[in-house]
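First comes the structure, then the notes that go with it.
The values are calculated or read from the model by the stated rules, or taken from the named source; none is laboratory data. Note that the coordinates shown come from a computational prediction; the quantities given were computed from them, not determined experimentally. A quick note on method: Cβ atoms are made from the backbone with ideal geometry, for glycine too, and the neighbour counts reach across all protein chains shown. For accessibility, only protein heavy atoms count, side chains too; no ligands or nucleic acids. Shrake-Rupley method; radii C 1.70, N 1.55, O 1.52, S 1.80 Å.
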Amino acid sequence: MEPERAGEENRDDLHTPVGVKSWVWKYFGFRKNEGEVVRDVAVCKDCRCELRYCGNTSNLSAHLKRRHGIDGDCQEKTQASKPTTSLTTFFPQTLSNTSKRAKNITKAIAYFICKDIRPYCVVENEGFRYLLEVLEPRYKIPSRQHFSESYIPNFYTKVRDEVIQDLMKAQRVAITSDGWTSCTTESYITVTCHFIDNEWQMNNHVLQTRVLGDTHSGVNIGQVLRGACEEWGLTNKAPALVTDNASSMIKAGKEAGLSPHIMCFAHTLHLSTQDGLKIAATDRLLGRVRRIVGFFHRSAVATTVLKEKQSLLDLPCHKLKADVKTRWNSEMLERFLEQQAAVTAALLDKKVRKGSCDIHTLSEGDLVAAEQMVGLLSPLKAATTLMCEEKQPTVSIVAPLRMKLLAHFEYAPDDAPLIKEMKRVMAEDLRERYVDEEPFLLRAAALDPRFKKLPFLCDERRTQTFECLAEEAAQLKEQRVKCPPLSKKSKVLEDLFGDAFCTEDLSVRKKTSKELAYDEIRKYREVASLSLGGKVLEWWKAHQSEFPLLANLAKTYLCIPATSVPSERVFSTAGDIVRSERSVLSSEHVDQLIFLKKNLTRSTAERIEV
């Protein structure tokens, strides 16, 4: 008999177990002894080698790989690649680009790029592609050029149209602006817009980000601002301007013809505080604290010892904070005073003393002065935080808060000489600010139901402020009254009888706009004030039918922010967008991505058809 024939016959005398799933039983079997299967020994069907079997097939698969070159992993993949029934039998292998499912996924990726500030090349990243392949194997990811040149610009166009429609409904707008420099050393200027809508909700939008190739002069910035107002249709909205105190920005406001021009209150507080911190004694004290903080930031050993002392003294495990001159605050001193016991113990530790020969703890007098400085600066820090609110009016708080801080700067009996000098310098600087804008700020405070009593003013100035509001409200009413266009027939009748025809009851004299405004002022001053924690815009929404003239006037005042923080907040966003790995982004793409990051919402994205 031929060998191959004998091998086939020998295979037939081996019994393959029923119900087993392992691939090895294609090559192994059991012998039978007197009609019973012997399951203790497995026999290879090719080489007749006998292997002990205890319920585990590891030794069997190892034999096949070593003696016959049969790999179990390949066998399993081959079996898996030939299923009797697969998903592709019921579903197509790829989605059409025009299918609703594919469009929704592409839209979601575009939304992800815009809102999470991801680079366009994320669609080419291996991990991202694998994720989408697992979630939807039939979807084919478009190229990054498709997103950067087609999809994102389409998003921008649709959202831009919606923003323009919102701006058309605004009674008045206020814009903020500031410049920033990218990591590629390109200079940009960003313009944001604020207004109160018909539902008395504060709205703010980033309008545009433009490259400022020329010098940052007031003329060049003013041209950008004027161009922005024309491009977005704001010239008939009496736009107000809010910027920092830089001289170029002051000139830019005049160049653009925007009024009123309110200087950022947060920046004003910063300048006043810097004058107080420049005093020799203050600077010397801060320098000592700064040296100690810097030492712990540089020394790993000192940091470790400080943590040990914090644990022993049951103090919060907080890291010491360093101050930043461009962003003043009292946090460095606050954190140092909180950790003063742990800092002193750490500096006296033998492990630290070797490297801190010239670092000395503060004296008792220094600590007292530091505590008084924190007490002096804390209200300014709270005021700065308060002014960063974007959903509630802030311009109406400037006048009351300025008066409150000036009162805070008055001398106290227990003030140290250092604190008295700081108060004097800071009060002088703050008192010189907002001299020209003060009448406007007082009227804004009077339109805020929380501060309408104006308790910080004398009776004469209080009365004068409300008289100015009455005049403005009357003028605004007369400007808003528009006669409907007459037909040719009506125009003829108007020419013939207009001077003698009257539809009103002549026995009842109609009140003038000024008289109506004074009546509203009187009633407005009599109603109870809103609590300090109350919602100003919700109050006006509930009382707009009772005070229609003042409500219209309130929209023109309260929409103006007190700080340029909204435009400055764009810097952090821009820093995430214009990074080293995306330094080749064009200015057009930068503008689009910043715009969509700030203005695109999920509901808007779902409505967009692309």
Handout entry: Residue that is farthest from Ala605 (Cα to Cα) [pool: residues in the stretch 112-149 that are charged (D, E, K, R) and assigned to a helix (DSSP H, G or I)]
Key = Glu126
Practice task
Within the stretch 246-257, work out how many residues are buried (at least 17 other Cβ atoms within 10 Å of the Cβ) and either in contact with a strand residue (DSSP E or B) (Cβ under 8 Å, 6 or more places away or on another chain) or outside any loop (DSSP other than H, G, I, E, B) (or both).
Solution key: 6
Practice task
State whether one or more residues within the stretch 332-350 are of a type in the set (Lys, Arg), in contact with a strand residue (DSSP E or B) (Cβ under 6 Å, 6 or more places away or on another chain) and open to solvent by 10 Å² or more (accessible area, probe 1.4 Å).
Solution key: no
Completion exercise
Counting only residues that are among the polar types (S, T, N, Q) and modelled with pLDDT under 90, the stretch 300-334 contains a total of 3
Problem - Qualifying position, being at pLDDT 90 or above and touching a His at 6+ places or on another chain (Cβ under 9 Å), among Glu390, Glu371, Glu338 - result: Glu338
Problem - Residue, nearest to Lys555 (Cα to Cα), within the stretch 406-430, restricted to residues that are touching a residue at least 60 places away in the same chain (Cβ under 8 Å) and open to solvent by less than 10 Å² (accessible area, probe 1.4 Å) - result: Leu430
Problem - Unmet requirement for Glu231, which otherwise passes all of (1) crowded, with 21+ Cβ neighbours inside 10 Å; (2) out of contact with any helix residue (DSSP H, G or I) (no Cβ under 8 Å at 6 or more places or on another chain) - result: (1)
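Between Asp436, Asp429, which is at negative phi, acidic (Asp, Glu) and touching a Leu at 6+ places or on another chain (Cβ under 9 Å)?
Being at negative phi, acidic (Asp, Glu) and touching a Leu at 6+ places or on another chain (Cβ under 9 Å) holds for just one of Asp436, Asp429, which is Asp429.
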Problem - Residues of the stretch 283-317 satisfying the condition of being surrounded by 13 or more Cβ atoms within 10 Å (Cβ to Cβ), under 21 Å from Val374 (Cα atoms) and not basic (Lys, Arg) - result: Leu285, Leu286, Val289, Ile292, Val293, Gly294, Leu315
Fill in the blank from the handout: Within the stretch 258-282, the count of residues that are assigned to a helix (DSSP H, G or I), open to solvent by 20 Å² or more (accessible area, probe 1.4 Å) and among the aliphatic types (A, V, I, L, M) comes to 4
Problem - Those residues of the stretch 356-396 which are under 30 Å from Glu568 (Cβ atoms), among the hydrophobic types (A, V, I, L, M, F, W, C), in a helix (DSSP H, G or I) and touching a residue at least 40 places away in the same chain (Cβ under 8 Å), in sequence order - result: Ala370, Met373, Val374, Leu376, Leu377, Leu380, Ala383, Met387, Val395
Completion exercise
Residue hits (the stretch 173-220; open to solvent by less than 40 Å² (accessible area, probe 1.4 Å), closer than 30 Å to Ala542 by Cα, touching a residue at least 40 places away in the same chain (Cβ under 8 Å) and part of a strand (DSSP E or B)) are Ala174, Ile175, Thr176, Thr192, Cys193, His194, Phe195, Ile196, Met202, His205, Val206
Handout entry: Among (1) open to solvent by 30 Å² or more (accessible area, probe 1.4 Å); (2) in a helix (DSSP H, G or I); (3) of a type outside the set (Asp, Glu) - the single one Ile152 does not satisfy
Key = (1)
Fill in the blank from the handout: Within the stretch 137-163, residues being under 22 Å from Glu126 (Cβ atoms), touching a residue at least 24 places away in the same chain (Cβ under 8 Å) and of a type in the set (Ser, Thr, Tyr) number 3
Practice task
Examine the stretch 268-286 for a residue that is under 30 Å from Ala170 (Cα atoms) and either modelled with pLDDT of 90 or more or among the polar types (S, T, N, Q) (or both), and state whether such a residue exists.
Solution key: yes
